[in-house]
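Structure first, commentary second.
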Amino acid sequence: MEEQTIFSWIHLADIHVGHGDKSHGWNQALVMDALRRDVASRPGPDLVNWILLTGDVAAGGSPDEYAQAAAWLRDLAAAAQVDPRWIFVVPGDHDVNRAADGERQLGRLLDGLRSGREPIDTALADASDRAQLAERVGAYLDFASGFAPWCLEEGIPAPAHRLFWMRRIRLMESFRVRLVGLNTALLGGDDGDRGKLQLGAAQLAAALNPPVEDVGELVIAMSHHPLAGGWLADQSAALDWVDRHAHVHLSGHAHEAEPGSGGRFVRVVAGAVRDDETTDGAPTSHGYNFCEVVHTGGGALELRVWPRRWSEANGEFRADVGRVPPENLSSGRLYASHRLRARLPVAMEESPAATPEPPATPTQAPSPVTTADVFYVYAPEDAAMIEGLDTHLSLLKKTEIIQSFDSRSIALDAEQALIVAAHVRSAPVFLVMVSPAFLVSDFFFGPLMDRLLDRAAHGAAFVVPIYLEPCDWQSTKIAELEGLPRDGTPVSNIDRDTAFADIAFELRHLFRPSKKRR
């Protein structure tokens, strides 16, 4: 079967907005603008679902720094064509406003926690202690409330309860991703943090409700500090949890990229978006990662990481070839690849998407396939008409002509948009509901529609326009596709039930060519 990208993301860390001065040769604005342009050029996956940021957004935790960071992240999301609601963040040690630590009661609390005399879970269970810990990152929490997962929820809890998070996202009927935001910076205080930080059991327990399964769910844990390296006093417990329950761990802090290592889970470290000078005054590197999870066949999943690194000589980001395995580099694959422990469900293993032969010309009719997953989108203005088509396609599903089908309005919230993006990458049959409202929609002029047409041109999917209402579709980018009804007469110009019955018959004939009309 054709390899299928299930989802993808950009991994950032250590932006350090506000650090340094304008005389610094490696101007922060220049590097950040170059990164935005690099993202827009798509050196990794062609579609990006999320931006995952593993800490040190700011340099000192001031509101002004976060205002600048938020504006840049939204610009970056626009360049990546990612909905800014799908930017997930966790804090780093520089996101702590250490000036607040001078308050007497907070100082005593921190001293007990950092010395190990008191476990972090005791403080997290006490409302007053937890509120004091939240006060240290108050500006960060205000910043984070504008991004995922908080902006995806109604009734956002008080800031004191946003210290860590978990979000489960359904990408397919039987497959979810669980993103876990771990906070390793709760006790961050100074340059002597190593061995004084704690993760605690409360964060890990919250991430396991409901329990994790290796089949049908992929767990990505995010934290600022690497879980190895002696940063955490409870490092052993944290590593044991990730080893047993997570499949990927993303971190920053090290300022040097690591495109994947580990045994049962894969460790990925992002380079610093904006790094500091070395002790001798020479500039160090800036970097970030593109990542994607690919179904390689038989239910197996693979993580691919494209490390990107600032080139001093060229003044731009380029592939970090020194971190790409030689065997991949020699074949032109500018990524590191890692087999994941998580798998697609058994039903999906047994029924992979059909891969038709590439068409000889763009207008060639697609070859017949067997049972398939059918996915389609429509403008919300056409919802009433879509109900009739749903009824006829339901009959095909009941008679096992269609394995499954799903319809979505293009007036989507953030989670629904992510599901559509996942289907665009994998559905073998895609029905495009053509109407005046659809042709002027952002979806029709956006990257997902372009991706559909690219898959159709390469024989990787059937994209079939369904002509619902009169409109000038002949002058658009779908003009060369063969649609239904075959004579191009819009459904609204004839009896709807008759039109939808004919469309259902055509699809039945497509999937089961041996069936003859009586």
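Quick check on my filter: what residues within the stretch 251-271 are farther than 17 Å from residue 90 by Cβ and among the basic types (Lys, Arg)?
264
Residue 418 - would you say it is outside any strand (DSSP E or B) and closer than 15 Å to residue 172 by Cβ? Steps first, answer last, please.
Numbers: outside any strand (DSSP E or B): yes; closer than 15 Å to residue 172 by Cβ: yes.
Criteria met by residue 418.
Of the residues 456, 383, only one is at pLDDT 80 or above, assigned to a helix (DSSP H, G or I) and surrounded by fewer than 16 Cβ atoms within 10 Å (Cβ to Cβ); which? Let's see the steps before the verdict.
On the way: 456 fails: surrounded by fewer than 16 Cβ atoms within 10 Å (Cβ to Cβ).
It is 383.
Could you figure out which of (1) part of a helix (DSSP H, G or I); (2) at pLDDT below 90 isn't true of residue 313?
Unmet condition: (1).
So which of 303, 340, 329, 334 ends up being hydrophobic (A, V, I, L, M, F, W, C), at pLDDT 85 or above, surrounded by 13 or more Cβ atoms within 10 Å (Cβ to Cβ) and in a loop (DSSP other than H, G, I, E, B)? Lay out the reasoning, then the answer.
Details: 303 fails: in a loop (DSSP other than H, G, I, E, B); 340 fails: in a loop (DSSP other than H, G, I, E, B); 329 fails: in a loop (DSSP other than H, G, I, E, B).
Going through 303, 340, 329, 334 in turn, just one is hydrophobic (A, V, I, L, M, F, W, C), at pLDDT 85 or above, surrounded by 13 or more Cβ atoms within 10 Å (Cβ to Cβ) and in a loop (DSSP other than H, G, I, E, B): 334.
Go through (1) touching a Lys or Arg at 6+ places or on another chain (Cβ under 7 Å); (2) in a helix (DSSP H, G or I) for residue 168 and report which single condition fails.
With respect to (1) touching a Lys or Arg at 6+ places or on another chain (Cβ under 7 Å); (2) in a helix (DSSP H, G or I), residue 168 is out only on (2).
For the stretch 111-123, which residues satisfy the criterion of being in a helix (DSSP H, G or I) and either surrounded by fewer than 20 Cβ atoms within 10 Å (Cβ to Cβ) or not assigned by TED's automatic domain parsing to the domain that holds residue 251 (or both)? Write out each step before concluding.
Our first condition is that a residue be in a helix (DSSP H, G or I); within the stretch 111-123, this holds for 111-114, 120-123.
Of everything in the stretch 111-123, those that are in a helix (DSSP H, G or I) and either surrounded by fewer than 20 Cβ atoms within 10 Å (Cβ to Cβ) or not assigned by TED's automatic domain parsing to the domain that holds residue 251 (or both) turn out to be 111, 112, 121, 122.
Which is hydrophobic (A, V, I, L, M, F, W, C), out of contact with any helix residue (DSSP H, G or I) (no Cβ under 8 Å at 6 or more places or on another chain), modelled with pLDDT of 90 or more and surrounded by 23 or more Cβ atoms within 10 Å (Cβ to Cβ), of 50, 9? Before you say what the answer is, go through the steps one by one.
Numbers: 50 fails: out of contact with any helix residue (DSSP H, G or I) (no Cβ under 8 Å at 6 or more places or on another chain).
Matching residue, one of 50, 9: 9.
For the list (1) among the hydrophobic types (A, V, I, L, M, F, W, C); (2) touching a residue at least 24 places away in the same chain (Cβ under 8 Å); (3) surrounded by fewer than 22 Cβ atoms within 10 Å (Cβ to Cβ), I need the number of the one condition that residue 90 fails.
Among (1) among the hydrophobic types (A, V, I, L, M, F, W, C); (2) touching a residue at least 24 places away in the same chain (Cβ under 8 Å); (3) surrounded by fewer than 22 Cβ atoms within 10 Å (Cβ to Cβ), residue 90 violates only (3).
May I ask you to list the residues in the stretch 77-103 that are in contact with a strand residue (DSSP E or B) (Cβ under 7 Å, 6 or more places away or on another chain) and either closer than 28 Å to residue 443 by Cα or not assigned by TED's automatic domain parsing to the domain that holds residue 166 (or both)? Please lay out each step first, then the result.
Let us first name the residues in the stretch 77-103 that are in contact with a strand residue (DSSP E or B) (Cβ under 7 Å, 6 or more places away or on another chain), namely 77, 80, 82, 85-90, 94-95.
Correct list: 77, 80, 82, 85, 86, 87, 88, 89.
Looking at the stretch 414-427, can you tell me whether even one residue there is at pLDDT below 85 and of a type in the set (Asp, Glu)? Can you show your working first?
First, the residues of the stretch 414-427 that are at pLDDT below 85: 414-427.
Filter once more, keeping what is of a type in the set (Asp, Glu): 415.
Yes, the stretch 414-427 contains at least one residue that is at pLDDT below 85 and of a type in the set (Asp, Glu).
What single numbered condition from (1) in contact with a Cys (Cβ under 7 Å, 6 or more places away or on another chain); (2) part of a strand (DSSP E or B) fails to hold for residue 85?
Single failed check for residue 85: (2).
If you scan the stretch 386-410, which residues turn out to be among the small types (Gly, Ala, Ser) and at pLDDT 75 or above? Spell out the reasoning first.
Of all residues in the stretch 386-410, those among the small types (Gly, Ala, Ser) come to 388, 394, 404, 407, 409.
Answer for the stretch 386-410, where residues must be among the small types (Gly, Ala, Ser) and at pLDDT 75 or above: 388, 394, 407, 409.
The values are calculated or read from the model by the stated rules, or taken from the named source; none is laboratory data. The model shown is predicted, which means the values in this text are computed figures rather than measured ones. For neighbour counting, all protein chains shown are included, and Cβ atoms are generated from backbone atoms with ideal geometry for every residue, glycine included.
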